[in-house]
1. Looking at segment A:10-19 only, could you name the residues that are surrounded by fewer than 20 Cβ atoms within 10 Å (Cβ to Cβ) and more than 10 Å from chain B (Cβ to nearest Cβ)?
2. Of the residues B:VAL52, B:VAL89, only one is buried (at least 17 other Cβ atoms within 10 Å of the Cβ), at pLDDT 95 or above and under 14 Å from B:LEU4 (Cβ atoms); which?
3. Name the pairs: first residue in segment A:55-81 and of a type in the set (D, E, K, R), second residue surrounded by 14 or more Cβ atoms within 10 Å (Cβ to Cβ) and assigned to a loop (DSSP other than H, G, I, E, B), Cβ to Cβ under 8 Å, at least 6 apart or on different chains?
4. On the basis of being assigned to a strand (DSSP E or B), within 12 Å of another protein chain (Cβ to nearest Cβ) and small (Gly, Ala, Ser), does B:ALA80 make the cut?
5. Note down all Cβ pairs under 7 Å where the first residue falls in segment A:28-41 and is more than 7 Å from chain B (Cβ to nearest Cβ) and farther than 24 Å from A:ALA17 by Cβ, the second is among the hydrophobic types (A, V, I, L, M, F, W, C) and crowded, with 22+ Cβ neighbours inside 10 Å, and they're at least six residues apart or on different chains.
6. Given the criterion more than 8 Å from chain B (Cβ to nearest Cβ) and in contact (Cβ under 8 Å) with a residue 40 or more places away in the chain, identify the matching residue among A:ILE86, A:ILE47.
7. For residues that are in contact with a Gly (Cβ under 8 Å, 6 or more places away or on another chain), farther than 17 Å from A:GLY95 by Cα and hydroxyl-bearing (Ser, Thr, Tyr), tally how many sit in segment A:8-65.
8. Working only within segment A:20-49, note down all residues that are hydroxyl-bearing (Ser, Thr, Tyr) and surrounded by fewer than 22 Cβ atoms within 10 Å (Cβ to Cβ).
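The values are calculated or read from the model by the stated rules, or taken from the named source; none is laboratory data. Being a predicted model, the structure only gives us computed values, none of them experimental. Every residue, glycine as well, gets a Cβ built from its backbone with ideal geometry; the counts of neighbours run over all protein chains shown.
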Number of protein chains: 2
Amino acid sequence: MFGLIGKMRAQPGQRDALIAILLESTGGMPGCLSYVVARDEGEEDAIWITEVWDGEDSHKASLSLPQVQAAIARARPLIAGFDSRIRTVPAGGAGLAG
Amino acid sequence: MFGLIGKMRAQPGQRDALIAILLESTGGMPGCLSYVVARDEGEEDAIWITEVWDGEDSHKASLSLPQVQAAIARARPLIAGFDSRIRTVPAGGAGLAG
């Protein structure tokens, strides 16, 4: 399995709108075992996205999906920056589809 | 919902053993919507645990479950340290049970 833990910052006041866009495209991504979008509890504009894929290829392929491309285009102006991007190798757990 | 993103370090050479213990107790935790244990791809001894609960109360209650108490006791000698513990408010996503 392939995993990502990423932190991004929304433009001031745009976190909820950005989260809404991100959540619209999380369904129907082949090979996606988990994709969670969360607000940082302490940092007002920060968003965490934690992902688990059956492999890195599935993740790369998802970036070409029409709904994901559309979401990226709509989300880009609401993003202030990317703070961290951690690559992981998930070993297992609860709530992993497939 | 309530979420946690935590990074811990295993004692040298003990990551796989620690992950095995952590995974044994991830089933049957009331209110747990997602619990993923993953190796950091870059850091040899580092482990990431990403969690989503239906509320912080469920997470707290889980710490008293017999299987979790037993896992914590067995895991403790294999843990070298805790690097980060981020509290989140999950908004949604794919692969969330319940």
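1. Hits for segment A:10-19 are A:GLN11, A:PRO12, A:GLY13, A:GLN14, A:ALA17.
2. B:VAL52
3. A:ASP57/A:GLY31
4. no
5. Correct list of pairs: A:GLY31/A:TRP53.
6. A:ILE47
7. So the answer is 2.
8. Of everything in segment A:20-49, just one residue is hydroxyl-bearing (Ser, Thr, Tyr) and surrounded by fewer than 22 Cβ atoms within 10 Å (Cβ to Cβ), namely A:SER25.
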